[in-house]
Amino acid sequence: MTKILVIGSAGQIGSELTLKLRGLYGNNNVIAGVMELKAAEKLDGEGPLEIVDVLDRQGLVTVVRKHGIDSIINMAAILSATGEKNPMLAWDVNMNGLINVLEVAREFKMKQVLVPSSIAVFGPSSPADHTPQETILKPATIYGITKVAGELLGDYYVKRYGLDVRGLRYPGIISHMTLPGGGATDYAVEIYYEAVKNKRYTCFVNKDTRLPMMYMPDCLKSTIDLMQADFSRLDHHCDYNVGAMSFSAGELAASVKKYIPEFEITYSPDSRQAIADSWPNSVDDSLAREEWGWEPDYDLDSMTRDMLRAIGERHDKGLI
Ligand code: AKB
């Protein structure tokens, strides 16, 4: 039986992925790696929990030995907006953290490493619509630079050491269990919370800003589908485009308004506008569809209904 360590288990994707994997592989076979214990409330009592700082290679080795870890999912990263505030921190966590994970995986001859990439690998000179898998990668953010380097590094470990490293380029991920932390796509989550709580939202990108987005159930599905794909069928390894939906901030607001007619939105773009403007409107994910059968389930309105239902229930219980 495989033993998976999820680093960044308290984060937006890590928290839900850890629970999903525990459902698939058994609670004791999925170890939650968190930076601090209090960040892991949602995972409490569900299975093993360890303090893992991706920058502490020796600490990582100790956890790997203790649990007989044979696969690592590295969700620890500094995202785009936070990265622009602290570029050296982004470089340190995203690059030195990744090298630690890859080196430990190599040393322990692990079965698999999964390292997410992002649409942030693209930049202003990449084609904006239906952005191809193979195209110009000249990102405008430090986060994007680390993600391009991370994809190349992962591919290098596949070729040079025969390590099974995989990754996919997440679009903006929308979810209601754990808030995202410091990305330029965070408005697409905030809007739902503010619509439920206050019936109004001031959006930090303008109405016409269009980005690729994905609902959490599809994010989990794409991640697990790629993890479980037959390695011999993969031509690419660390850089799969995965699309689900693409909408402007105005279209997102219109979708919310269908279910909360009194909802009002205003637009007040800040420094995150430039980051969003440097990313694609939509991506071409035909390779993921061909190589490992990728297919999303949610569109904008089905996601909106589910987000408003889930956040509304928590609001009614006084939990948010
Ligand atoms: C961010 O906004 O930085 C992330 C991403 C698209 O990778 N959500």
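Values for this structure:
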{"read-out": "Listed residues GLY23, GLY33, GLY47, most fluctuating in the chain (Gaussian network, C-alpha, under 10 Å)", "value": "GLY23"}
{"read-out": "FRET E, pair ARG309, LYS111, Förster distance 30 Å, beta-carbon r, rounded to 0.05", "value": "0.20"}
{"read-out": "Angle in degrees between helix 142-161 and the longest Cα principal axis of the chain, rounded to the nearest 10", "value": "30 degrees"}
{"read-out": "Spread of Cα-to-Cα distances over 10 Å intervals beginning at zero, given as percent, for region 81-187", "value": "14, 41, 35, 10, 0"}
{"read-out": "Relative contact order, percent, the chain [alpha-carbon distance under 8 Å, six or more residues apart]", "value": "18 percent"}
{"read-out": "Restricting region 221-320 to trypsin sites (Lys or Arg not before Pro) in coil, as DSSP defines it, with at most 12 other Cβ within 10 Å", "value": "LYS317"}
{"read-out": "Beta bridges per DSSP with both ends in the chain, % antiparallel, nearest 5", "value": "10 percent"}
{"read-out": "The chain: most fluctuating residue of ASN74, ASN27, ASN241 per GNM, C-alpha cutoff 10 Å", "value": "ASN27"}
{"read-out": "Fraction of accessible area attributable to carbon and sulfur, the chain (%, probe 1.4 Å)", "value": "51 percent"}
{"read-out": "Over region 1-43, relative contact order from alpha-carbon pairs under 8 Å, at least 6 apart, %", "value": "49 percent"}
{"read-out": "Region 1-157 - share of DSSP beta bridges that are antiparallel (%, nearest 5)", "value": "0 percent"}
{"read-out": "For SER126, distant residues with modelled amide H under 5 Å away", "value": "LYS138"}
{"read-out": "Pairwise centroid distance, computed over Cα atoms, of region 278-320 with region 105-134, Å", "value": "20 Å"}
{"read-out": "For HIS176, solvent-accessible area (1.4 Å; no DNA, RNA or ligand), Å²", "value": "50 Å²"}
{"read-out": "Degrees between helix 187-198 axis and first principal axis of the chain (Cα, 0 to 90, nearest 10)", "value": "50 degrees"}
{"read-out": "Solvent-accessible area per residue, Å², over region 232-320 with all protein chains present [probe radius 1.4 Å]", "value": "48 Å²"}
{"read-out": "Candidates MET88, MET35, MET213: whichever shows maximal mean-square fluctuation once the chain is modelled as a Gaussian network with Cα springs under 10 Å", "value": "MET88"}
{"read-out": "Principal-axis tilt of helix 97-107 within the chain, Cα atoms, nearest 10 degrees", "value": "30 degrees"}
{"read-out": "As computed over region 13-132, the Cα convex hull volume per residue (Å³)", "value": "143 Å³"}
{"read-out": "Per-selection Rg to Rh, region 192-290 - Cα, Kirkwood hydrodynamic radius", "value": "1.08"}
{"read-out": "Kirkwood Rh in Å, taken over all unlike Cα pairs in region 105-257", "value": "16.9 Å"}
{"read-out": "Straight-distance crosslink candidates among lysines, where the alpha carbon sits under 22 Å from LYS3 and sequence neighbours closer than 8 are dropped", "value": "LYS20, LYS42, LYS66, LYS109, LYS111, LYS221"}
{"read-out": "Amide H contacts of ASP56 (H built 1.01 Å from N, under 5 Å, at least 5 apart or other chain)", "value": "none"}
{"read-out": "Relative contact order %, region 1-159, counting alpha carbon pairs below 8 Å whose residues are six or more apart", "value": "20 percent"}
{"read-out": "Distant alpha-carbon pairs in the chain (separation over 25 angstrom), percent", "value": "48 percent"}
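The values are calculated or read from the model by the stated rules, or taken from the named source; none is laboratory data. All of these numbers come straight from a predicted model, not from anything done at the bench. All Cβ positions, even for glycine, are placed from backbone atoms using ideal geometry, and neighbour counts span all protein chains on display. Please note that ligands, DNA and RNA were not included when accessible areas were found on the heavy atoms of the full protein model with its side chains. Shrake-Rupley method; radii C 1.70, N 1.55, O 1.52, S 1.80 Å.
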